[in-house]
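A single structure is presented below for examination.
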Amino acid sequence: MLNLNSITLSGNLSRDPELRVAGETPVCNFAIANNRKWKSDGELKEEVTFIDVTVWGKQAETCNLQLRKGSPVVVEGRIKMEKWEDAATGLNRSKILITAERVQFLSVAPAEAAQETAEANA
């Protein structure tokens, strides 16, 4: 049987990216908010799902430099479940996250936007 683990999501960053180094490899963590809107009985409803994303390597460094809270992105990757024991309560915890293989930026980077604004005002 074929095992397939592939996901593509779009959304806006719900917090600024956080960069760290694992061994010698850069790792960037952020979360995206994915919105779903629909009508039910003539009433507009909305559901927001927050998804944690982990990016590795050179792409992690680029995400940390180019993305900020609110940045729109498309993330392609695989689903992963992390499990751990909560140190404070001793309870088992888990969460599903996306390990990104590709992150596509859908807006101008903050540094580029600042430079474009400065050039326009000059």
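The values are calculated or read from the model by the stated rules, or taken from the named source; none is laboratory data. This structure is a prediction, so every number in the text was calculated from the model and none was measured. Please note: Cβ atoms are built from the backbone with ideal geometry, for glycine as well, and neighbour counts cover all protein chains shown.
Kindly indicate whether Thr8 is more than 16 Å from Gly77 (Cα to Cα), of a type outside the set (D, E, K, R) and surrounded by fewer than 16 Cβ atoms within 10 Å (Cβ to Cβ).
no
Looking only at the stretch 106-118, filter to residues that are of a type outside the set (S, T, N, Q) and at pLDDT 60 or above; which one of those is farthest from Asn34 (Cα to Cα)?
Among residues in the stretch 106-118 that are of a type outside the set (S, T, N, Q) and at pLDDT 60 or above, the one farthest from Asn34 (Cα to Cα) is Val108.
If Leu65 passes every condition in (1) out of contact with any helix residue (DSSP H, G or I) (no Cβ under 9 Å at 6 or more places or on another chain); (2) part of a helix (DSSP H, G or I) but one, which one does it miss?
It fails just one condition, (1).
Just wondering, is there one or more residues in the stretch 52-59 that are at pLDDT 95 or above, within 14 Å of Gly11 (Cα to Cα) and touching a Leu at 6+ places or on another chain (Cβ under 8 Å)?
yes
Conditions (1) assigned to a helix (DSSP H, G or I); (2) surrounded by 14 or more Cβ atoms within 10 Å (Cβ to Cβ); (3) at pLDDT 95 or above, marked per residue:
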position	(1), (2), (3)
Val73	no, yes, yes
Arg78	no, no, yes
Trp84	no, no, no
Lys95	no, no, no
Gln104	no, no, yes
Ala120	yes, no, no
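Another one. Determine if the stretch 56-74 includes at least one residue that is more than 13 Å from Cys28 (Cβ to Cβ) and touching a Lys or Arg at 6+ places or on another chain (Cβ under 9 Å).
yes
I need the full set of residues from the stretch 19-42 which are of a type in the set (D, E, K, R), surrounded by fewer than 10 Cβ atoms within 10 Å (Cβ to Cβ) and either part of a strand (DSSP E or B) or touching a strand residue (DSSP E or B) at 6+ places or on another chain (Cβ under 6 Å) (or both), in order please.
Across the stretch 19-42, the qualifying residues are Arg36, Lys37, Lys39.
I've got another one for you. So Lys58 fits all but one of (1) in contact (Cβ under 8 Å) with a residue 40 or more places away in the chain; (2) in contact with a Pro (Cβ under 8 Å, 6 or more places away or on another chain); what number is the exception?
(1)
Next up: Could you check how many residues of the stretch 4-32 are among the polar types (S, T, N, Q) and over 11 Å from the mean Cα position of the chain (by Cα)?
4
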